[in-house]
Structure formats: structure tokens, C-alpha cells
Amino acid sequence: MRIASLLRRIIDDRTFGILLLNEEAQELEIKVAVKYGDQATRTRVKVGEGLVGYAALHKEPVLVPDVSVDPRYIKVVEDARSELAIPLLVKDRCIGVFDLESPELSAFTKEHKELLTLLAAQAAVAIENARLYKEVRANEERLEKELRFAQRVQTALLPAGPPKRLKGIEVAAVFAPARELGGDFHDYLAPESNTLVVAVGDVSGKGVPAALYSAFAAELVRGRTFRRRYLPERSSPAGVLSSVNTILEQRGLEEYYCTLCYTVFDLKRRIITLANSGLPYPIRCSGEICAQIELPGVPLGSFQGSTYDEVSFALHAGDLFVLCTDGVYEAMTADGQEFTTARLLDVVRTLRDLPAARVVEGIFAAVHEWRGDTPPNDDMTAVAVRVTA
């Protein structure tokens, strides 16, 4: 409307319209139509039809002193006698047309055509920028909506708590992605009575790709855990890691890999058995001991045929096991100082007699205090398992 008002000051037109191209339909749609300052009825014009369609198709101005003698003219305004159509060009692409009609013969001159061509060039850029902004904003809103839903899905895939039927053990976890979505995952599974499996994994990278990869890896872990009752010889911690490694490596996603610590708590035999594939060493507090369990391993998906070691410990009432992804150990201050293993061990020693939920909450509180206002540099997961009886 501002363009229409400006033109009324310098050109005595009866009708002014701005038609924009619908590329899919190959039609020019009237977005602004002014007749004596009133909104006129919207119409559509096929590209190539009429003077307006001709200007759009050939990307050149059309000046007609007497429309009654021009076979291209399509009658829209009842008393129109002359017409000027100027294409709106962005580089060599037509996005629309300016259209002026008048009841006077020869109402528009060569000077009008030149002036309107200059105005159309500037207007075309402004219109295209507005269209792109609207498109970008729509895409942003769509992506935000999809990310919010993906966050809900990722949260729903994480365990709400340990299996309720297990007695004598408590488990708690905290997960905080560095971005909207994260590559960390954890799970508590009970494939058999008196057996609890706790798995903590970390996929390389962050964001959506890492979240997709971690969802796939977590499902592989679940599937191989619950076949334990049917294939016990292939369902040991080391066997599960080897199986998951084979499948991930076969997918050919060389830029991604997964570190995973897989622990089996046999509450009947009072034994914990672990295997690790590159996750930071888990922490064990038992009696006077509170130290990391040094158990190295090759990350999953990196090399075909990788094998993994296992280690076992007797379980005692009061034992505490803490598993954290490297986002906890490597949380950084503004000047790049890491939280470190030593600080985490000090925190765990201080919290070792508290319930599992208080342990993971205390770990995250210590990390947040260390990091201050510095944004997280990686996803963080902390899982605590306490033997209560």
C-alpha cells in the first residue's frame, strides 16, 4: 500500500496492482489492488496471458497507449484505455509485476516506464527479502516444533527408574544435553529375576545426529540384554559389547562411535561384572576403597572384531558405583580448566553415604559450581548405583 500511495503522487493511474508469481501454479496472484484508494477484487493471471502475463514471461516492461487495439489485453477494469506493466526482477528471475491502468489514452509515458522500472527493481529486492524472511521464520518454527517433540521422545526413551521388583539396590541418574538433544544415554534393565543391568553410553558429537545414533545404540543394548535368558553364553558384558560393536561398525558411519560401560549386578550371587568400551572409568566405593575401576576398551563402531575384557567384584551392603560420561570430567570453566577425575573422586567420597539420587544431584551441583556461567561443552550423564542390603 505504501508503494501504491507513492505512485499516486507521481503517476495519475486509475488502478494499480502488485501481482506476485506463484511458481508452482505459474500464476500471477494480485496481492495489492487499488482503485481510487479502495481494495479491488483479487484475480489470478496465468503467466503469458494478458499484458501482465506477457511482461512476466518475457521479463520486460509493456507500455500500451490504447489497450483496445492490443490483442494481448484481457479486460479486467471496465473503463481502462491504457496500461503499463513492469516486471519485478530479482537478478534474471521474475517474481511478480507492477500493473497500472488508466481510463485515459496514452496516460503513461516512456519516462513513467523508466521511473517505474527503477522502483520495481528496488521493490523486487524488498519483496524477495520479505518472502525469504517469512520462509526462514516458518522453517525455524517447524524445526523448533520438531526439536521440542524430539526432546520429548528422547526423555521418554530414558528410564524413569529401576525395575520396582528388585530389592536391596537403588539407582538414580541425571542427564543434561549440551544442546537441545544429546548423544548420552543410560538404561536400567532386569532381564532375569535378581539381575540388574546398568548401561551408560556416550556417542561422539552432539545434537541431532548424535541423538539418532545413541537411540539406535541404546536399542541394540536393550535387545542384546533381554536375549540373556535364551543365549546366556553370548550375553555376558563383554559379549554384549562385541555384538553391538559389530552391528555399529557394519553401518559404515566412520565419523561416529560410541563409548559404553555395561554392568551386570547379580543380586543373588552378590557379584557385579563390568565391561567397558572407552567410557571414563567407573568409580567404586566399597569399604575403605573409593577409586576408579581401570577397565579400558575400544569404542563401539570403531574397529571390526574388537574384543573386551571383564572384571568382577563381590557386592556388599553400602557399596556405591558411579558411572559418568566425559562431559562431567571435562566440564570447563571460562578459562578452559577441566573439572577432572580428581575433583569427581573428591565429590563422590564426600557423598558416598547418601542415597543414589543425592549422589548424582551432588555431582551435578559440583560441576555447575565449577563451570559457573560457562555454557556446557558436552552432554553430561551421571548414574549412581547403591547396594542397600
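Bear in mind that the values in this text are calculations on the coordinates, not laboratory data. No experiment lies behind these values; they were computed from the predicted model shown. Neighbour counts are summed over all protein chains in view; Cβ atoms, including those assigned to glycine, are modelled from backbone coordinates with ideal geometry.
A few comments on the model shown:
- A full extension of the chain between Gln304 and Asp92 corresponds to an added length of 71.0 nm, given 0.36 nm per residue minus the alpha carbon distance.
- Using alpha carbons only: equivalent-ellipsoid semi-axes of the range 109-236, gyration tensor based, whole Å: 57, 14, 10
- Karplus (6.51, -1.76, 1.60) ³J(HN,Hα), θ = phi - 60°, over the range 366-377, in Hz, Gly and Pro reported as x: 5, 5, 5, 5, 5, 6, x, 8, 5, x, x, 9
- Using R0 = 25 Å, the C-beta based FRET efficiency linking Leu253 and Arg152 works out to 0.50.
- At q = 0.12 Å⁻¹, base-10 log of I(q)/I(0) for the chain (Debye sum, equal scatterers on each alpha carbon): -0.83
- Gained length - Asn22 relative to Arg227, 0.36 nm times residue gap less alpha-carbon distance: 68.1 nm
- Farthest towards the positive end of the charge dipole of the chain, among the residues Val348, Gln122, Asn377, is the Cα of Val348, using unit charges on the Cβ of Lys, Arg, Asp and Glu.
- Think of it this way: in the chain, Cys94, Cys258, Cys261, Cys324 stand alone, with no other Cys Cβ under 4.7 Å.
- Where Cα atoms sit under 24 Å apart: lysine pairs in the chain separated by 8 or more or lying on different chains: 27
- Magnitude of the charge dipole, the range 62-109, Cβ model with Lys/Arg +1 and Asp/Glu -1, debye to 20: 280
- Projected label points at Thr333 and Asp66, each 7 Å from Cα along the beta carbon direction, are separated by 8.9 nanometres.
- With respect to the chain, whose longest principal axis is taken over its alpha-carbon atoms, helix 341-351 is tilted by about 70°.
- Per-bin percent of Cα-Cα distances, the range 198-292 [5 Å]: 2, 12, 22, 23, 17, 12, 7, 4, 1, 0
- Inter-label distance, nm, simple model (7 Å from Cα along the C-beta direction), Lys134/Asp353: 6.8
- Gaussian network model of the chain, springs between alpha carbon atoms under 10 Å - residue of Val359, Val347, Val77 with greatest fluctuation: Val77
- Take every Cα pair under 8 Å whose residues are at least 6 apart in sequence, average their separation, divide by the length of the range 158-387, and the relative contact order is 24 percent.
- 5 angstrom amide H check on Leu88, placed H, neighbours 5+ away: Ile95, Gly96, Val97, Phe98
- Mean separation of Cα contacts under 8 Å, 6 or more apart, over the residue count of the chain: relative contact order %: 12
- Length released on extending from Arg179 to Phe313, taking residue separation times 0.36 nm less the Cα-Cα span: 44.6 nm
- Once backbone amide H atoms are built at 1.01 Å from N, Val32 has Ile18 as its partners under 5 Å, excluding neighbours fewer than 5 places away on the same chain.
- Descending Cα extents along the principal axes, the range 158-387, whole Å: 51, 44, 29
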